[in-house]
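The values are calculated or read from the model by the stated rules, or taken from the named source; none is laboratory data. Keep in mind that what you see is a predicted model, and the values were worked out from it rather than measured. A quick note on method: Cβ atoms are made from the backbone with ideal geometry, for glycine too, and the neighbour counts reach across all protein chains shown.
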Ligand SMILES: Nc1ncnc2c1ncn2[C@@H]1O[C@H](COP(=O)(O)OP(=O)(O)OP(=O)(O)O)[C@@H](O)[C@H]1O
């Protein structure tokens, strides 16, 4: 039996999602543990975003269960899952473009912390997260005026304002420069080091291989492999379905 320390922060058990006759996610069971970055990769249309939507409550599964820290949330509204410590970012940025970077974070803190967190704590937490995520220099710029790569980090920082235990990231490195991705990799490792459980959907395979301790691979809705980066990199089924001859070392 697993000790409580090793029980997953997030688990899907046999999740299937059908759209009409199309099976977008097919009997997928996976786990995200605290203090680690878990990768979820696969070709376009493999079902990654649909699975994220199911975990956050935006998409009802046809069958299967979602558990957050052992609590079955399959029928729960998204806000209840957020209260249990679940946060996410979106593939298409969902930021307030005409607000400053700082205000984007504060809005999230306001919504999440209503009645529970004193205003000065909110200000201090905003400053702490701006610093942690390397956004202090653009804190007062409107999001529409900063590069896409850094706006992706704003989404992560904003998600962190809700004080999550599990963070789902949907293609967070898309649009980032090489330097921004390097910085981002360090940030992810640091956040995991602080105890957060992170699930990373990302097409930048070198980034995934660098930061993830465990990777799940989806293809046509089904999990075709799960394991360490070394195992995934050399898995014939994964190479055939996704990696191909690409150098992902
Ligand atoms: N609302 C929907 N109605 C019908 N089909 C859908 C719907 N959402 C997704 N699909 C289909 O489900 C499959 C999985 O899509 P999904 O967006 O989850 O894949 P993905 O792995 O996130 O792809 P990408 O890497 O391109 O973001 C695709 O075939 C897609 O066309």
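Annotations for the structure displayed:
- Test: residue in the stretch 212-226 that is surrounded by fewer than 16 Cβ atoms within 10 Å (Cβ to Cβ) and without any contact (Cβ under 8 Å) to a residue 60 or more places away in the chain: no
- Against the list (1) assigned to a loop (DSSP other than H, G, I, E, B); (2) over 28 Å from residue 69 (Cα atoms), the condition residue 123 fails is (1).
- Residue count for the stretch 11-32, restricted to those that are surrounded by fewer than 21 Cβ atoms within 10 Å (Cβ to Cβ) and away from the ligand (no atom under 13 Å from the Cβ): 7
- Restricted to helices (runs of 4 or more DSSP H) entirely inside the stretch 135-249, those with at least 2 residues that are modelled with pLDDT of 95 or more and within 16 Å of the ligand (Cβ to nearest atom) are 205-211.
- Contacts under 7 angstrom Cβ, first residue in the stretch 45-62 being assigned by TED's automatic domain parsing to the domain that holds residue 79, partner within 10 Å of the ligand (Cβ to nearest atom) and part of a helix (DSSP H, G or I), 6 or more apart: 59/50; 59/53; 61/54
- Candidates 47, 39, filtered to the one that is at pLDDT 95 or above, surrounded by 15 or more Cβ atoms within 10 Å (Cβ to Cβ), under 30 Å from residue 146 (Cα atoms) and within 16 Å of the ligand (Cβ to nearest atom): 39
- Residue 195 passes every criterion in (1) out of contact with any helix residue (DSSP H, G or I) (no Cβ under 6 Å at 6 or more places or on another chain); (2) on the phi < 0 side of the Ramachandran plot apart from (2).
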